[in-house]
Amino acid sequence: MTKPRPCGCKGCRTCLICETQYGADKHKLQLDFDKSKGYVYCPYCDKAWKGWTMDSYKEHPNHQGEAIDYPGVYIELDFITEEEELSFLKQIDEIPWDISQSGRRKQNFGPKTNFKKKKVVTGKFDGFPAFSKFIQDRFQNVDILKSYETIEQCSLEYDPSKGASIDPHIDDCWIWGERIVTVNCLSDSVLTMTPYEGDTKKYNLDCADYYSSVLNTYNNIIVDNIETNSALEACRPKQKIDAILRIPMPRRSLLVIYGEPRYHWEHCVLREDIISRRVCIAYREFTPPYLKNGVHEGIGDEIRERGKQFWDHISKYDLKTHVSDSSHMVSQILDLPHHFV
């Protein structure tokens, strides 16, 4: 069971297909969250309120019960329009999808990385689809993203009929920078956050001890030179929170996590929170060692230059006669109750 199965899963990563057809149900990672510890983040008041269901943020400003501060989250609702979403997803579905683990499919555009050996090469990376450029351009209208340089863009599809999900993790801290950016499309979902107090060697989290923060977690100001040299220490929680944070990802919204939730909390997407086809576009930037004056500035410059290129996907994939097998799905993008099958 450690080897990849036909569905793309391996080890404890499972989907409904391998659980029912390949006996992987006994290998599935069991997540047992105490929902009584749940808090739902509200993008309107930037506080987290007692609760579990995503829609509870819509009660604003009439929240009930207890609230806590949870710095390091930025949500912009309606970051793209319905028309933009329709066109964007139509063109995404014209590009071939690759199978991934836990019931997901992906399209990845970025350099070739080896997280264990901490090696990165340009590989076949030559930029991004031109139809996606408007999203990266729009980052410049977001204060905390003004200096953001995308070096990886990944489309991830979550299909409820496959039991799609992603297990708790922290994005690698050797190569991927502080601001983790996601644009959520097709359906609402939730990012579930749990405190991480494990080994800092995991996720290369210890690397964040050797470079500085990009943002001040407590006022969202971009920092050029922060007093501490440790991004990990700069945002360490002032007190332990025995809670599970639920961050809503409304359809067509932009989500940025940084600081404390970036480095001190694991995030996951639960199977129960995928109610219809969801496609998210994840963006990553470099850590400071790969930027100006960093020890790996050379390869960093080369990859960042390639990241400024945008190409026509029709020509690249020879799609002039291509007919998308998802045309029916695309025509129904704006009809939320329909499920992707």
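Things to note:
- Candidate values (1) 1.06; (2) 0.94; (3) 1.01, label of the one derived for Rg/Rh (Cα atoms, Kirkwood Rh): (2)
- Magnitude of the charge dipole for segment 243-313, about its Cα centre and with charges confined to Cβ atoms of Lys, Arg (+1) and Asp, Glu (-1), is about 380 debye.
- For the Cα trace of segment 133-213, dividing Rg by the Kirkwood Rh returns an Rg/Rh value of 0.99.
- Between GLU266, GLU297, GLU59, the GNM of the chain built on Cα springs shorter than 10 angstrom shows GLU59 fluctuating the most.
- The alpha-carbon of LYS28 sits under 20 angstrom from the alpha-carbons of these lysines, leaving out residues fewer than 8 places away in its chain: LYS3, LYS10, LYS162.
- Label-to-label distance, CYS154 versus LEU77, with points set 7 angstrom from Cα along the beta-carbon direction: 2.9 nm.
- Whether segment 1-145 is rounded, prolate or oblate, judged on the alpha carbon gyration tensor where a/c under 1.5 counts as rounded: oblate
- The ranking of TYR57, TYR22 by Cβ neighbour count inside 10 Å, starting from the fewest, reads TYR22, TYR57.
- Sorting LEU145, LEU16 by the number of Cβ atoms found within 10 Å of their own Cβ, with the fewest placed first, yields LEU16, LEU145.
- Remark: relative contact order (the chain) = 24 percent; criterion is Cα-Cα distance under 8 angstrom and separation of 6 or more residues.
- Charge sum, other residues only, whose C-beta stays under 11 Å from CYS235's C-beta, Lys/Arg counted +1 and Asp/Glu -1: 0
- THR194, THR14 arranged by Cβ crowding within 10 Å, fewest neighbours leading: THR194, THR14
- Computed from label points 7 Å out along Cα-Cβ, the spacing between LYS308 and SER36 is 5.7 nm.
- Cα shape, segment 135-268, gyration tensor, a/c 1.5 rule: oblate
- Zone residues, segment 171-210, relative to LYS118, backbone N less than 17 Å from point 7 Å out along Cα-to-Cβ: 171-178, 199-210
- Exposed trypsin sites (Lys or Arg not before Pro) absent - longest run of the chain, DSSP non-H/G/I/E/B, at most 10 other C-beta within 10 Å: 1-115
Every number here is computed from the coordinates shown, using simple stated rules; none is lab data. For clarity, every value in this text was computed on a predicted model and none was experimentally measured. Reconstructed Cβ throughout: ideal geometry from the backbone, glycine too, with neighbour counts over all protein chains shown.
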